Amino acid sequence: MSHWQTNFDRRRINGPEESFPPVYDEEEDQDVFEQQWKEGQPRLGRGPREIRPIYFRPGFISQANGSAYIETEKTKIACAVYGPRQSKSTTYNEKGKLNVEVKFTPFSCKRRRAPMRDAEDRPIATQIHQALLSSVRLELLPKSSIDIFVTIIENDGIEGCIAAGSIAASAALADAGIEMFGLVVSCSAAMVGKEIWLDPTEDEAKAATATFVCAGMPALGTITSLWQNGRLTPQESVQCLEACQERSTDIHLVVAHGLLESVDSSDG
Amino acid sequence: MSFSTLLPGQPIPVSRGPAPQLGGGTYQRDGQIRASVVGIPQFQGSTLSITRIRPNPPAPNSVILGTVTRLSPLQANISITVVDGVPLPAGEEFSGVIRVQDVRATEKDKVKIADCFHGGDVVKGVVISLGDARSYYVTTARNDLGVIFATSEAGAAMQPVSWQEMRCPKTGKIEKRKCAKPEGM
């Protein structure tokens, strides 16, 4: 708990070197999932193919060219898009560059994270980048770069963050007016026992033998990226893919509704 | 035909007949015309496009306004701040360059950059090409292109006298610039 070496951050006012957490009464709903759910039991709180309700709102960051906020129960993600702006690279690029940067706020996870970027941000950024890459018309933006900044305000499972982050980033690109082939929508799944549970929380994903994130463009019926973690037979992978596809139309509806509403309110 | 707001990827309903020419904001895939941005499709003449008033990066033939940042005997570097009438967000300027052969249309080899631009001048130009990795190539070789605003040594805003000269209203001194022809003259 208290380390010998200090994590001294010169940019901030640091607390005392050695500190102890305050003592609370035993919290009742701590680790509800671990206490109540046992293997073989059905999912707690919702059906296996149900996803959590999504709150979505674009255009809430006025300084950025485009932005979007997405919230599904305990996953809260804000995304800002800047661009197209002059690329900093010294080489001539015929197509635009898409840069994705992910940042966790210190209060986003169960344990406080250091405010600097660390190794966990990079794979999430790579996955969001891959989900979006084939949807943006980069050939129309030579010498330019589009910078996407994803801030994870609350984190309830990495798969949920990647899925919600991809949705927010694609909607922010649409809000910025950047030309795309279609909106990207993403859904995550987990294999718990023999069941496929969609949109797993962090606890559910920990109890799973495999997790699965898939992103695609429902308007065109194409898939842009598939990530699988853990052990799945090929048939199970295909089942996960089909389960995610069923839900993507619903998610697309929420995003479409949010974007159209923001367009109407900005014109009026 | 009035359209409703479309999202990227949604097909644009077009009446049967010859396929319209596609402008910005639309694309075609598998014979189906689809929207590329959020907006309402409009017909401008025979071109179908979805436009949105938003800052765009410079493209060949776009009219730009820029500020001169650096001068050398062979070129003038400018910081492009307005593209096609839409100002770029602060801090997101593009960099452009006016080469000595693109300053004016006549007597290109006798151009002296110091007699055409000074640092801090606001220049109206047209993008020729994407240029190299660092800057876009811009030209002022037209009557309506060139310096539109400049400050004299005395610190006052100068008025254009001819296409080669500007006059300071405070001191009456003439300074040489490649001036743009004011509109409506």
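If I filter the stretch B:88-131 down to residues being among the aliphatic types (A, V, I, L, M) and touching a helix residue (DSSP H, G or I) at 6+ places or on another chain (Cβ under 8 Å), which single residue comes out as nearest to the other protein chains (Cβ to nearest Cβ)?
Within the stretch B:88-131, the first condition is being among the aliphatic types (A, V, I, L, M), and the residues that meet it are B:88, B:90, B:97-98, B:100, B:103, B:105, B:111, B:113-114, B:122-123, B:126-128, B:130.
Narrowing the set further to residues that are touching a helix residue (DSSP H, G or I) at 6+ places or on another chain (Cβ under 8 Å) leaves B:100, B:103, B:111, B:113, B:128.
On the way: B:VAL100: 22, B:VAL103: 23, B:VAL111: 27, B:ILE113: 23, B:ILE128: 14 Å.
Selected residue: B:ILE128.
In the stretch A:223-234, how many residues are of a type outside the set (Gly, Ala, Ser) and within 15 Å of A:ILE167 (Cα to Cα)?
Within the stretch A:223-234, residues that are of a type outside the set (Gly, Ala, Ser) and within 15 Å of A:ILE167 (Cα to Cα) number 3.
Looking at this structure, is A:LEU226 under 30 Å from B:VAL38 (Cα atoms) and either within 14 Å of another protein chain (Cβ to nearest Cβ) or open to solvent by 20 Å² or more (accessible area, probe 1.4 Å) (or both)?
yes
Inside the stretch B:8-50, counting only strands (runs of 3 or more DSSP E) that do not spill past its ends, which hold 1 or more residues that are surrounded by fewer than 17 Cβ atoms within 10 Å (Cβ to Cβ), touching a strand residue (DSSP E or B) at 6+ places or on another chain (Cβ under 9 Å) and not hydroxyl-bearing (Ser, Thr, Tyr)?
B:26-29, B:32-35, B:42-44
Going residue by residue through the stretch B:142-159, is there one that turns out to be open to solvent by 60 Å² or more (accessible area, probe 1.4 Å) and under 22 Å from B:PRO73 (Cβ atoms)?
Yes, the stretch B:142-159 contains a residue that is open to solvent by 60 Å² or more (accessible area, probe 1.4 Å) and under 22 Å from B:PRO73 (Cβ atoms).
The values are calculated or read from the model by the stated rules, or taken from the named source; none is laboratory data. These numbers come from a predicted model, not from an experiment. With ideal geometry, Cβ positions are generated from the backbone for all residues, glycine too; neighbour counts draw on all protein chains shown. Only protein heavy atoms, including side chains, enter the accessible area calculation; ligands, DNA and RNA are left aside. Shrake-Rupley method; radii C 1.70, N 1.55, O 1.52, S 1.80 Å.
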